[in-house]
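Before any comments, here is the structure.
The values are calculated or read from the model by the stated rules, or taken from the named source; none is laboratory data. Because the structure is predicted, anything quoted here is derived from the model rather than measured. Note: ideal-geometry Cβ built from the backbone for every residue, glycine included; neighbour counts use all protein chains shown. Remember, those area values only see protein heavy atoms, side chains included, never the ligands or the DNA or RNA. Shrake-Rupley method; radii C 1.70, N 1.55, O 1.52, S 1.80 Å.
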Amino acid sequence: MTDSIDIMVIAAHTNGRVHSETYELLAFGQSLQALRSGTVGVWILGENVGGAAQEIARQGGVQVMAVECQGLTRYISESYVSVLADEIAVVKPTFVCTAHTSQGWEWAPAMAARIGAGCICGVDGLTEFEGRICFQKDVYGGKVKGLFSPNTATTILSLQPGIFTFTSAAESSAGFVIHKDATCAPGQTRYLGRREAAADTTDITTAPILVAVGNGIGNQENIALAYRLAACLPKAAVAGTRVVCDRGWLSYNHQVGVSGATVTPALYIACGISGASQHVMGMRGAGYVIAINTDPRAAIFNEADICIVEDITRFIPMVEDACKRLVEARG
């Protein structure tokens, strides 16, 4: 029955737990299905994935292919590409959908190169233009949106998390699971284990106010400015973008974004953050956003309620002075 699948969704899961991105991919697949004829199916790879497959079939009301790969207890790019290439060769889907996470953006281009497919990464929208299905994504650092229409028989798509909303299928519409065994050919990569960070992200995921810093902070010494601003605000915490954490200016438990934490503070103050989609995905749930950047065309301004064009090394001391005057005036 898999030969009728036109839209192939690759499930994201860990230790039997289905990630929320899987259901967002299903919602995207359903939207895509509405624009063209075809059937959505889900593939889940790994060891002992039957339980997770049943959950997806029940929640999504779709056909799920549970591909049991002995020894594939954790994600390994080589194994995923090898097994999925065989599956795609049999099914011949028009679209293969995965989440735009650190895993998805690793194996999706590799798969496209291996099978000669198209590849559009970071998709955050779907539309029809001049009779063709087009996929929307950020271009020019997120300053504008681009529409891309594939011209290959098969296209690999990676979807930005947090965009598409999933609604569970009715109980009477539950899907079904097909079980299949696959062999993971030995590769040059093997899983050695997982090392957790010493600290967690509790502070930034629970703080009502976040002061987040990006590349525009300039240097490590200026990180102190973010802490000074946070000190002026009740129960505020400091966070950062990936580039700031990669440089060691903040520890990784402060990182917000696709490869960091997803935060939903009441107030998010973005200091020197350009607004790359990978970061925006992690803070889109903020109640109110204030962005400070020297670039008036910074993509972060598209997400902000208040946009301030200023150098943060000038702006933060001004805010500090204003707070001090307010405190003094109140006695």
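From A291, A239, which residue is within 21 Å of I308 (Cβ to Cβ) and in contact with a His (Cβ under 6 Å, 6 or more places away or on another chain)? Residue meeting the stated conditions: A239.
Filtering segment 228-253 to residues that are in contact (Cβ under 8 Å) with a residue 12 or more places away in the chain and closer than 17 Å to L267 by Cβ leaves R228, L229, A230, C232, L233, P234, K235, A236, A237, V238, A239, G240. A291 falls short on exactly one of the conditions (1) open to solvent by less than 40 Å² (accessible area, probe 1.4 Å); (2) in contact with a Pro (Cβ under 9 Å, 6 or more places away or on another chain), and that condition is (2). Within segment 215-229, take every residue that is farther than 14 Å from V319 by Cβ and open to solvent by less than 30 Å² (accessible area, probe 1.4 Å) and give me the one that is farthest from the chain's Cα centre (by Cα). Among residues in segment 215-229 that are farther than 14 Å from V319 by Cβ and open to solvent by less than 30 Å² (accessible area, probe 1.4 Å), the one farthest from the chain's Cα centre (by Cα) is I223. For A52, are the conditions met, namely being out of contact with any helix residue (DSSP H, G or I) (no Cβ under 8 Å at 6 or more places or on another chain) and open to solvent by less than 10 Å² (accessible area, probe 1.4 Å)? Here the answer is yes, as A52 does meet what is asked.
Out of the residues in segment 288-328 meeting the condition of being of a type in the set (A, V, I, L, M, F, W, C) and assigned to a loop (DSSP other than H, G, I, E, B), tell me which one is farthest from G216 (Cα to Cα). Applying the filter and picking the extreme gives A304. If we keep just the residues of segment 149-177 that are farther than 17 Å from G104 by Cβ and outside any loop (DSSP other than H, G, I, E, B), which is least open to solvent (accessible area, probe 1.4 Å)? The extreme case among them is V177. Among the criteria (1) within 30 Å of V144 (Cα to Cα); (2) more than 18 Å from the chain's Cα centre (by Cα); (3) of a type outside the set (S, T, Y), the one R58 does not fulfil is (1).
Within segment 97-121, the set of residues being under 17 Å from Y23 (Cβ atoms) and either of a type in the set (A, V, I, L, M) or more than 19 Å from the chain's Cα centre (by Cα) (or both) comprises A99 only. Residues of segment 256-288 that are under 18 Å from the mean Cα position of the chain (by Cα), open to solvent by less than 40 Å² (accessible area, probe 1.4 Å) and more than 17 Å from G162 (Cα to Cα): I273 alone. For segment 11-34, indicate whether the set of residues that are touching a Ser or Thr at 6+ places or on another chain (Cβ under 6 Å) and buried (at least 22 other Cβ atoms within 10 Å of the Cβ) is non-empty. Yes, the conditions are met somewhere in segment 11-34. All of Q63, Q59 fail the test of being of a type in the set (S, T, N, Q), more than 30 Å from P186 (Cβ to Cβ), at pLDDT 90 or above and surrounded by 19 or more Cβ atoms within 10 Å (Cβ to Cβ), apart from Q63. I want to confirm something. Restricting to segment 252-282 and keeping residues that are in contact with a Cys (Cβ under 7 Å, 6 or more places away or on another chain) and not aromatic (F, W, Y), which single residue is farthest from L225 (Cα to Cα)? Within segment 252-282, the match that is farthest from L225 (Cα to Cα) is Q255. The single condition among (1) farther than 20 Å from L25 by Cβ; (2) of a type outside the set (V, I, T); (3) touching an Asp or Glu at 6+ places or on another chain (Cβ under 7 Å) that S77 does not meet is (1). The single condition among (1) in contact with a helix residue (DSSP H, G or I) (Cβ under 6 Å, 6 or more places away or on another chain); (2) under 22 Å from D295 (Cβ atoms) that V244 does not satisfy is (1).
Only residues that are part of a loop (DSSP other than H, G, I, E, B) and either closer than 22 Å to G41 by Cα or open to solvent by less than 70 Å² (accessible area, probe 1.4 Å) (or both) were counted in segment 103-130, giving 3.
Taking G41, is it in contact (Cβ under 8 Å) with a residue 12 or more places away in the chain, crowded, with 21+ Cβ neighbours inside 10 Å, over 30 Å from V144 (Cα atoms) and not aromatic (F, W, Y)? Yes.
Within segment 3-19, being at pLDDT 90 or above and over 20 Å from R132 (Cα atoms) holds for V9, I10, A11, A12, H13, R17, V18, H19. Looking at segment 44-88 only, could you name the residues that are of a type in the set (V, I, T) and either closer than 30 Å to I133 by Cα or touching a residue at least 60 places away in the same chain (Cβ under 8 Å) (or both)? Of everything in segment 44-88, those that are of a type in the set (V, I, T) and either closer than 30 Å to I133 by Cα or touching a residue at least 60 places away in the same chain (Cβ under 8 Å) (or both) turn out to be I44, I56, V62, V64, V67, T73, I76, V81, V83, I88.
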